[in-house]
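Undergrad: The structure's right below; bear with me while I get my questions together.
The values are calculated or read from the model by the stated rules, or taken from the named source; none is laboratory data. All of these numbers come straight from a predicted model, not from anything done at the bench. Every residue, glycine among them, receives a Cβ derived from its backbone with ideal geometry; neighbour counts consider all protein chains shown. Note: areas computed on protein heavy atoms with side chains; ligands, DNA, RNA excluded. Shrake-Rupley method; radii C 1.70, N 1.55, O 1.52, S 1.80 Å.
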Amino acid sequence: MRKINAIILCASAMSSSIIVEALRKAAHDQGVDLTVNCSASLRYRTFDFGSVDIILIAPQVKGQMEDIRKFAAEKGHDQLPFLLIPMREYGLAKGDAILKLMLKELEKAPQ
């Protein structure tokens, strides 16, 4: 599998650090080469969207998702896949389930 670079955008990049660790463990266990980090969603205007393969949106900032998606498109990244992490998987830090959803979203994305 190709190397995957992902970012989780959340409220303050604190709770998402738990999700980052869960995703890293799930990816390691499944043999997926994943680099994932988190950032506060309010910083999206300074983010380099060209450095990632997928944007994960934490449930607490889902109201910002369309603004972020629109901004990424304006910067030439209109094909960049976005995934709203389901509340249950986020709250329970279900790295395996989030990784599965992420991989499914990447399969649908144009290469």
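Undergrad: Just one of I4, I54, I68 is touching a Pro at 6+ places or on another chain (Cβ under 6 Å) and surrounded by 14 or more Cβ atoms within 10 Å (Cβ to Cβ); which is it?
TA: I54
Undergrad: Identify all residues within segment 71-91 that are surrounded by 13 or more Cβ atoms within 10 Å (Cβ to Cβ) and hydrophobic (A, V, I, L, M, F, W, C); write none if there are none.
TA: F71, A72, A73, L80, F82, L83, L84, I85
Undergrad: If you go through segment 65-93 one residue at a time, how many are under 14 Å from the mean Cα position of the chain (by Cα) and either basic (K, R) or under 16 Å from I7 (Cβ atoms) (or both)?
TA: Within segment 65-93, residues that are under 14 Å from the mean Cα position of the chain (by Cα) and either basic (K, R) or under 16 Å from I7 (Cβ atoms) (or both) number 11.
Undergrad: Sticking with this one: What is the one condition in (1) of a type in the set (A, V, I, L, M, F, W, C); (2) assigned to a helix (DSSP H, G or I); (3) at pLDDT below 95; (4) open to solvent by less than 40 Å² (accessible area, probe 1.4 Å) that L23 does not satisfy?
TA: (3)
Undergrad: Is it the case that S12 is assigned to a loop (DSSP other than H, G, I, E, B) and more than 15 Å from I98 (Cα to Cα)?
TA: Criteria met by S12.
Undergrad: So which residues in segment 29-42 are open to solvent by 10 Å² or more (accessible area, probe 1.4 Å) and either part of a strand (DSSP E or B) or out of contact with any strand residue (DSSP E or B) (no Cβ under 8 Å at 6 or more places or on another chain) (or both), if there are any at all?
TA: D29, Q30, G31, L34, T35, N37, C38, S39, A40, L42
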